[in-house]
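Visitor: Input: one structure, supplied below.
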């Protein structure tokens, strides 16, 4: 799937500290109930759409009955933490800017996995289908005045200020007619970075991410 290429050693080192996979609303509720939160400021750039690097087929693909289930029509957030030393000496072609590497990787990968650049539509009988429009998915570039160490030794959910690490772009959280993926990469002041993604569960699942 899409994340298999994004997380290869040549693009992003696979030195993952923690992955959190929980329905978005549940994580948000947990954070609101947490009494001890790390406070920091995140500065976000304007949200942009990352489209395939080359033209892709314009077609419609029906979802399988396994994927097209009412219980799967929700978004899943995933938070990945990367230390600076895990990528600064890796085979990233001499480019130590993770945001540039990730954006380039996304555009190139979408050429092969172009349905992720489309939008879900609903047909007769509420049957889901992917309209392969090639529009791309949302990408947010950000930086934060916090270090990785300040998050603590054990990075376990609920994460402090999840809404800052994975910005809920207005109008993007729907299942239909919305970007199928939302990615936010946040650079920390220590040089480490946070890779956060919100995905449409009808299009991908936790197993795909864990096997990436």
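Visitor: Based on what the data block shows, is residue 186 farther than 20 Å from residue 110 by Cβ, under 17 Å from the mean Cα position of the chain (by Cα) and at pLDDT 90 or above?
Guide: Details: farther than 20 Å from residue 110 by Cβ: yes; under 17 Å from the mean Cα position of the chain (by Cα): yes; at pLDDT 90 or above: yes.
Taking the combined requirement at face value, the residue satisfies it.
Visitor: So which residues in the stretch 191-212 are assigned to a loop (DSSP other than H, G, I, E, B) and either under 30 Å from residue 123 (Cβ atoms) or at pLDDT below 85 (or both), if there are any at all? I'd like the intermediate steps shown before the answer.
Guide: Kept after step one, since they are assigned to a loop (DSSP other than H, G, I, E, B), are these residues of the stretch 191-212: 191-192, 201-205, 211-212.
201, 202, 203, 204, 205, 211, 212, listed by residue number.
Visitor: Quick test of your reading of the structure: residue 54 fulfils all but one of (1) more than 20 Å from residue 184 (Cβ to Cβ); (2) at pLDDT below 90. Name the failing condition by number.
Guide: In the conditions (1) more than 20 Å from residue 184 (Cβ to Cβ); (2) at pLDDT below 90, residue 54 misses (2) alone.
Visitor: Still on this structure, please answer the following. Could you grab me the full set of residues in the stretch 118-144 that are in contact with a helix residue (DSSP H, G or I) (Cβ under 9 Å, 6 or more places away or on another chain), in contact (Cβ under 8 Å) with a residue 12 or more places away in the chain and not in a strand (DSSP E or B)?
Guide: Correct list: 132, 133, 134, 135, 136.
Visitor: All but one of (1) farther than 16 Å from residue 181 by Cβ; (2) part of a strand (DSSP E or B) hold for residue 149, so report the exception by its number.
Guide: (2)
Visitor: Still on this structure: Being in a loop (DSSP other than H, G, I, E, B) and closer than 14 Å to residue 47 by Cβ is the filter here; which residues of the stretch 175-190 pass it?
Guide: 178, the sole residue that qualifies.
Visitor: While we're here: Considering only residues of the stretch 156-178 that are more than 17 Å from residue 49 (Cβ to Cβ) and surrounded by fewer than 16 Cβ atoms within 10 Å (Cβ to Cβ), which is modelled with the highest pLDDT?
Guide: 176
The values are calculated or read from the model by the stated rules, or taken from the named source; none is laboratory data. Everything numeric in this text was worked out from a predicted model, so none of it was measured. When we count neighbours, we look across all protein chains shown, and the Cβ atoms used for this are built from the backbone with ideal geometry, even at glycine.
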